[in-house]
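For reference, the structure discussed in these notes is given below.
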Amino acid sequence: MSQPRINLFSDTQTRPTPAMRAAIAAAEVGDEQSFADPSVNVLCTQAAALLGHERAMFLPSGTMANEIAILVHCRPGDEILCDRSAHILNLEGAGPSALAGAQVTGLPGERGVFTAADVAASVRDPANRYAPQTRLVAIENTANLGGGTVWRLDQVEAVATAARDNGLLVHMDGARLMNAVVATGTSAASYGALCDSIWLDLSKGLGCPIGAVLAGSADFIDEAWRWKQRLGGAMRQAGMMAASGSYALAHHIARLADDHANAQRLAHGIASIPGLACRIEHVESNIVFIDVSAAAWTAETVCAAMAERGVRLGAMGGRIRAVTHLDVSTAMIDEALHHLAELMETTPR
Ligand SMILES: *Cc1c(COP(=O)(O)O)cnc(C)c1O
């Protein structure tokens, strides 16, 4: 597939900017798995401070960050509570059960956000040997399939308190944590302080080619290193990629506000196109879900027709998902809206 002119499929579609490529080219490197790569060490120090934890670890992907955290926190037979829409429950090949032997139970949250009452109602009696042992609560911030929903700090606080009251650990899947930080003005460290482990993805809105950083206590990171080694996540001259991460932390966080403004612009535009609908009040960060149920079109036929016009969108569960990011300008949003409006005046072939 050739590169679409306007790529709203996902914020994973960003490509490194010339300045990021220059930082990659200039990176000092060494052997990452011997802690001898200076660029990785710098990134880990930055990430630990950013996320408010003792130490951090550089990983090839966010999926590995989730799975390693789960492997450290859970034993076979343990149970993880998360929202029913969570990435760990739906999009990681049943990794928690396949790798850690842990059962994942989905809570009935609202667009990816569940409550302390949901946790309290679901936690099992530790004395009951028939039941799984509830061990971990996993929060996804922002909630991807929820539509980029932002967890406010008080919501995390309430859930974390319920977790601690029941002897549970708290993990945050912060693939898009910095979107939540920019949307709320709450620091990443404030979220981090409520969690036993927390990570953020470098390869989503932050615009790096690959990578994620996972943070926790020194003991947690020591144990995480055993799993990183076992799973083949220990690297060599990874400083090339770590340098892109440090570059992104310095230059690509504040600009996430532009992505949020473009998502708002898109949502408002969609709402005025006959046949399309969008709950503007549900657009909290950089993800927009578009409802086509009032049109002669389906999500799939719209995506196919828009692809022919050079605009890539994603069909997801009967709706269209559009994600704004570094490589999507305001002019591109207007152009995408123009094509959508034109398309809705026609009928599918
Ligand atoms: C993308 C994503 C992941 C996985 O991250 P990768 O870097 O793609 O492996 C995990 N959780 C959420 C919420 C995500 O959006």
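The values are calculated or read from the model by the stated rules, or taken from the named source; none is laboratory data. Predicted model only: the values in this text are computed from it and were never measured. We place every Cβ from the backbone using ideal geometry, glycine too, and count neighbours over all the protein chains shown. Side chains are part of the model used for accessible areas, which takes the heavy atoms of the whole protein and leaves out ligands, DNA and RNA. Shrake-Rupley method; radii C 1.70, N 1.55, O 1.52, S 1.80 Å.
Odds and ends about this structure:
- For segment 91-230, the solvent-accessible area with a 1.4 angstrom probe is 37 square angstrom per residue.
- Difference of contour (0.36 nm per residue) and Cα-Cα distance, Ser61 to Ala296: 80.7 nm
- Label-to-label distance, Asp327 versus Ala304, with points set 7 angstrom from Cα along the beta-carbon direction: 2.5 nm.
- A Cβ-based charge dipole, computed about the Cα centre of the chain with Lys and Arg at +1 and Asp and Glu at -1, lands at about 460 debye.
- By accessible area, using a 1.4 Å probe on protein heavy atoms only, the chain has 54% of its surface on carbon and sulfur.
- Bridge type composition, the chain - antiparallel percent by DSSP, nearest 5: 50
- Lys/Arg +1, Asp/Glu -1 at C-beta; segment 5-158 dipole; positive extreme among Asn128, Ile68, Pro96: Pro96
- Length-normalised contact order of the chain in % [C-alpha pairs under 8 Å, at least 6 apart]: 24
- Shape call, segment 123-242: gyration tensor on alpha carbons, a/c limit 1.5: oblate
- Model label zone, His338; criterion: amide N under 19 Å from point 7 Å along Cα-to-beta-carbon; scope segment 299-324: 305-313
- Between Glu54 and Arg5, the distance separating the two model label sites (each 7 Å from Cα on the Cα→Cβ line) works out to 5.5 nm.
- Cα centroid of segment 75-115 to Cα centroid of segment 232-266, whole Å: 26
- Share of pairwise Cα separations in segment 299-348, more than 13 Å, in percent: 58
- For segment 1-64: rounded, prolate or oblate by the Cα gyration tensor [a/c cutoff 1.5]: prolate
- Gap separating the Cα centres of segment 12-55 and segment 123-162, nearest whole Å: 30
- All Cα-Cα separations within segment 223-349 were binned at 10 Å from zero, giving a P(r) of 12, 35, 22, 17, 12, 2, each value a whole percent of the pairs.
- Spatial separation of Cα centroids for segment 205-221 and segment 274-349, in angstrom: 32
- Taking a ≥ b ≥ c as the square roots of the eigenvalues of the Cα gyration tensor, the chain is oblate, since a/c reaches 1.5 or more and a/b is not larger than b/c.
- Computed over segment 1-94: relative contact order in percent, which uses C-alpha pairs under 8 Å that are six or more apart: 11
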